[in-house]
1. Give the residue that is farthest from the ligand (Cβ to nearest atom), with candidates limited to residues of the stretch 41-59 that are crowded, with 17+ Cβ neighbours inside 10 Å and of a type outside the set (A, V, I, L, M).
2. Hey, could you check the stretch 169-210 for residues that are in contact (Cβ under 8 Å) with a residue 40 or more places away in the chain and of a type in the set (Gly, Ala, Ser) and say which is nearest to residue 103 (Cα to Cα)?
3. Out of everything in the stretch 35-68 that is aromatic (Phe, Trp, Tyr) and under 18 Å from the mean Cα position of the chain (by Cα), what residue ends up being modelled with the highest pLDDT?
4. May I ask you to list pairs of residues, at least six apart or on different chains, whose Cβ atoms are under 7 Å apart, with the first in the stretch 52-72 being on the phi < 0 side of the Ramachandran plot and part of a strand (DSSP E or B) and the second being of a type in the set (S, T, N, Q) and near the ligand (Cβ under 9 Å from one of its atoms)?
5. Could you tell me whether residue 71 is modelled with pLDDT under 95 and within 16 Å of the ligand (Cβ to nearest atom)?
Amino acid sequence: MKKITQILFLFSLLSFTTYAAVNDFCVADLKGPDTPSGYQCKPPNTVTADDFVFSGLVAGNTTNTFNAALTSAFVTDFPGLNGLGVSAARLDIAKGGSIPMHTHPGATELLILAEGQITAGFMTPFHLYSKTLKPGDVMVFPQGQLHFQVNSGNDKATAYLAFSSANPGAQLLDLLLFGTSLPSDVIAQTTFLDVEQVNKLKARFGGIGIADS
Ligand SMILES: *[C@@H]1O[C@H](CO)[C@@H](O)[C@H](O)[C@H]1NC(C)=O
């Protein structure tokens, strides 16, 4: 009897380790905490095909400061991406609109232009890599590089994006500089803009503490 118990115990260990080794997916349980290694898994017996399909990449509302909208299919929208290191988004930019300078510190980005004309680029300390794209073009923005996308055509533009992270995040330069409580004189001193221009940008991007100029 003792021997059988030992064998059963060994089998239970074996099945546990086998499960870990063939952990085919880990659909996020978004009710739990987000950790550096992603979300906890939903119980596998509750996972369905719908967990692997996202149907929300529809056109966003471009009536805003940037005249542009990003509709995301990140892990927080699409829990099936958890732990897989990929995600997607749809970018709509109205005529004259743009996605201003920003970085995704943890992800490389691919842009696939579907409609319209976008001029996009990224910068390194010594070079600008910029190109005007036509439908069907694919551009890659290497991880962490400061980049931008501008609608340079006469009509709206639509692109699909892919990221090498389930949750790429974004740091928008305008929002970091002019959308926080960073004092106007410090911004002026560190950017070489004059205080009047800084205040104008703060008013536009929701920064607080507009100084006397
Ligand atoms: C788009 O956003 C603007 C500004 O928030 C709003 O006034 C407008 O109703 C929205 N349009 C649609 C179709 O939701």
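The values are calculated or read from the model by the stated rules, or taken from the named source; none is laboratory data. Nothing here was measured: the structure is a model prediction, and the numbers come from that model. Methodologically, a virtual Cβ is constructed for each residue, glycine included, from the backbone with ideal geometry; neighbour enumeration extends over all protein chains shown.
1. Within the stretch 41-59, the match that is farthest from the ligand (Cβ to nearest atom) is 41.
2. The first filter runs over the stretch 169-210 and keeps only residues in contact (Cβ under 8 Å) with a residue 40 or more places away in the chain, leaving 169-174, 204-205.
Now restrict to residues that are of a type in the set (Gly, Ala, Ser): 169-170.
Details: 169: 8, 170: 6 Å.
So, considering only residues that are in contact (Cβ under 8 Å) with a residue 40 or more places away in the chain and of a type in the set (Gly, Ala, Ser), the one nearest to residue 103 (Cα to Cα) is 170.
3. Applying the filter and picking the extreme gives 54.
4. The qualifying pairs are 68/62; 69/61; 69/62.
5. The answer is no for residue 71.
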